[in-house]
Amino acid sequence: MKDKIPILTVAEESNLQLKKNGRRTYNCLCPFHSENTPSFTIYSQDDPQNDRFHCFGCGADGDQINLYAMLNHLENGQAIAHLAHRIGLKGKKITRKQQLEVSRRQKDRQLEKLFKDECNSLFRFFCDLRKHVKERAEFYGEEDSLLVYYRQKETYYDYLLDGLLEGLNGETQYDDLIEVYKISKEVRKEWNILLAEHVQTYLDSME
């Protein structure tokens, strides 16, 4: 569809209890899985063509067409037809070009979901690393070699952690998130090697 109904309209008409969390960001309990802490986020843009939603709990993701389809248990094509009626396109068939565009956007959303899932994984890695380092400090003391190495770069790791979180919350440009993602992947790779070497050294010392 050339025009789209704002995603907030779709959400509000479905009785989602939205709370504003940012200039154009809203949160609520996810309608697609049971949870006690809101992890469902709607990104309402100035142009409804760019409206999005994402659940950090179950991974549900998409635009207002996907949201309408999922809330009403419809196929995307049916959702498009229903929403088309709402904006005065009743009786008009979806052209082959429009169908291809919908298919392309669905593939793009799938790739975007995979990317966001990987960013979530990197975010959890830094959280786990911070926890692991804290435990090492309590057990081995501040002179532990891995702990010393972490302390040297702790501020930078915090910067990457914040960058991932802001990107996932839609608070930074997508290009900035991609850059943080690339660097974070290298950091994770480095630490996986360091941790594996440390474990092996410990095992060798026990022989």
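The values are calculated or read from the model by the stated rules, or taken from the named source; none is laboratory data. Predicted, not measured: the structure shown is a model, and the values here were computed from it. Counting neighbours? That spans all protein chains shown, and the Cβs are built from the backbone with ideal geometry, glycine included. Side chains included, ligands, DNA and RNA excluded: accessible areas come from the protein's heavy atoms. Shrake-Rupley method; radii C 1.70, N 1.55, O 1.52, S 1.80 Å.
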Consider L129 carefully, then state whether it is outside any loop (DSSP other than H, G, I, E, B), open to solvent by less than 50 Å² (accessible area, probe 1.4 Å) and modelled with pLDDT of 85 or more.
yes
Name, by its number, the condition in (1) under 17 Å from the mean Cα position of the chain (by Cα); (2) surrounded by fewer than 17 Cβ atoms within 10 Å (Cβ to Cβ); (3) modelled with pLDDT of 85 or more that does not hold for N15.
(1)
Within region 72-115, of all residues that are modelled with pLDDT of 75 or more and of a type in the set (D, E, K, R), the one least open to solvent (accessible area, probe 1.4 Å) is E112
Which ones in region 44-71 are within 15 Å of the chain's Cα centre (by Cα) and surrounded by 18 or more Cβ atoms within 10 Å (Cβ to Cβ)?
D51, R52, F53, H54, C55, F56, A60, D61, G62, D63
Suppose we filter region 2-12 for residues that are open to solvent by 60 Å² or more (accessible area, probe 1.4 Å) and not in a helix (DSSP H, G or I); how many remain?
2
